[in-house]
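The structure under discussion appears below in the form of structure tokens.
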Amino acid sequence: MANKLKVATTSLAGCFGCHMSLLDIDERLLDLCEVAEFDRSPITDIKHCSEVVDIGLIEGGLCNAENVHTLREFRKHCRILVGVGACALNGGIPALRNHIPLQECLEEAYLQGVGVENAQIPNDPELPLLLSKVHPIHEVVKVDYFLPGCPPSADVFWKFLTDVASGKEPELPYELVHYD
Ligand code: SF4
């Protein structure tokens with residue numbers, strides 16, 4: 001294909017499970033590479049986006065200031081931004097901390113948790129500042145599509161990417177996105 005789709009991926013406050021699910025398209029990755037090339041992504045180990053990429057897949061929500069910066073920068077480079085997975089869509093598992101004051105979370109994790117001894121709450125100025133709540137990405141930038149799931153299945157990635165590559169409006173049939 002003359003003009004391959006340029007696809008970038010990155011992660012915010014997530015677990016990389018969504019990236020693992022993308023890899024689960026298995027040997028179809030080779031077919032995908034006929035119509036798309038990976039730009040910034042753990043797959044290529046490229047750390048910065050090209051000036052313009054066609055599709056940006058982003059997993060994870062926003063739990064610290066660095067996440068917000070990464071999201072804004074990624075958005076600038078992506079023609080189509082796709083929020084991938086529950087963490088991007090609604091904060092996901094990291095957002096469970098939203099019901100507990102941040103200071104209490106830090107004390108439980110670093111001072112009072114089972115098996116924690118002689119610890120302190122990390123306070124190195126190099127560490128990104130934590131947000132008091134975890135936020136979904138649409139609260140900060142425009143998101144063009146979301147792929148639901150924790151993680152979205154490999155077939156969801158496959159269907160979405162091949163629809164876009166063939167110039168179609170992406171559609172996810174019910175069988176791919178129901179969880180009942
Ligand atoms: Fe991990 Fe699930 Fe969040 Fe994806 S949606 S980053 S699999 S916790």
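The values are calculated or read from the model by the stated rules, or taken from the named source; none is laboratory data. The shown structure was predicted, so the numbers you read here are calculated from the model rather than taken from an experiment. When we count neighbours, we look across all protein chains shown, and the Cβ atoms used for this are built from the backbone with ideal geometry, even at glycine. Just so you know, the surface numbers come from the protein's heavy atoms only, side chains and all, with ligands and any DNA or RNA stripped out. Shrake-Rupley method; radii C 1.70, N 1.55, O 1.52, S 1.80 Å.
Scan around residue 36 for amide H atoms under 5 Å from its own, H built in the peptide plane at 1.01 Å from N, and keep only partners 5 or more places away or cross-chain.
5
Distance from a point 7 Å along Cα→Cβ of residue 105 to each backbone N in the range 35-67: keep the residues under 16 Å and list them by number.
Flagged as within label range: 60-67.
For the chain, what is the accessible area per residue in Å² when the probe is 1.4 Å?
Result: 57 Å² per residue.
Report relative contact order for the chain in percent, whole number only (criteria: Cα-Cα under 8 Å, sequence separation at least 6). Please report the intermediate quantities before stating the final value.
Working: 311 pairs, mean separation 46.0, N = 180.
Computed over the chain, the figure is 26 percent.
In nm, to one decimal, how far is the modelled label at residue 140 from the one at residue 45, with both set 7 Å along Cα→Cβ?
The answer from the label model is 2.7 nm.
Span-like helices, the chain: DSSP H, alpha-carbon axial extent 18 Å or more, mean Kyte-Doolittle -1.0 or greater, which ones? Intermediate values should be presented prior to the final figure.
Working: long enough: 65-77 (19 Å, -1.38).
Flagged H segments: there are none.
Let me test this: with uniform point scatterers at the alpha carbons of the range 1-122, what is the Debye-based log₁₀ I(q)/I(0) at q = 0.19, 0.20, 0.21 1/Å?
The computed values of log10 I(q)/I(0) come out as -1.03, -1.10, -1.17.
Can you give the helix-only mean residue ellipticity at 222 nm for the chain, where every DSSP H stretch with n ≥ 4 adds -39500 (n - 2.57) and the sum goes over all residues, rounded to the nearest 500 deg cm²/dmol? Could the numbers behind the result be given before it?
Working: 7 runs with 56 residues, N = 180.
Mean residue ellipticity at 222 nm (helix-derived): -8500 deg cm²/dmol.
Roughly speaking, what is the stretch gain from residue 120 to residue 73, that is 0.36 nm per residue apart minus the C-alpha to C-alpha distance, in nm to one decimal?
Taking residue 120 through residue 73 to full extension adds about 13.7 nm, to one decimal.
What are the GluC sites (Glu not before Pro) within the range 90-160 that DSSP puts in a loop, where the Cβ has at most 13 other Cβ atoms within 10 Å?
Qualifying residues, ordered by number: 117, 126.
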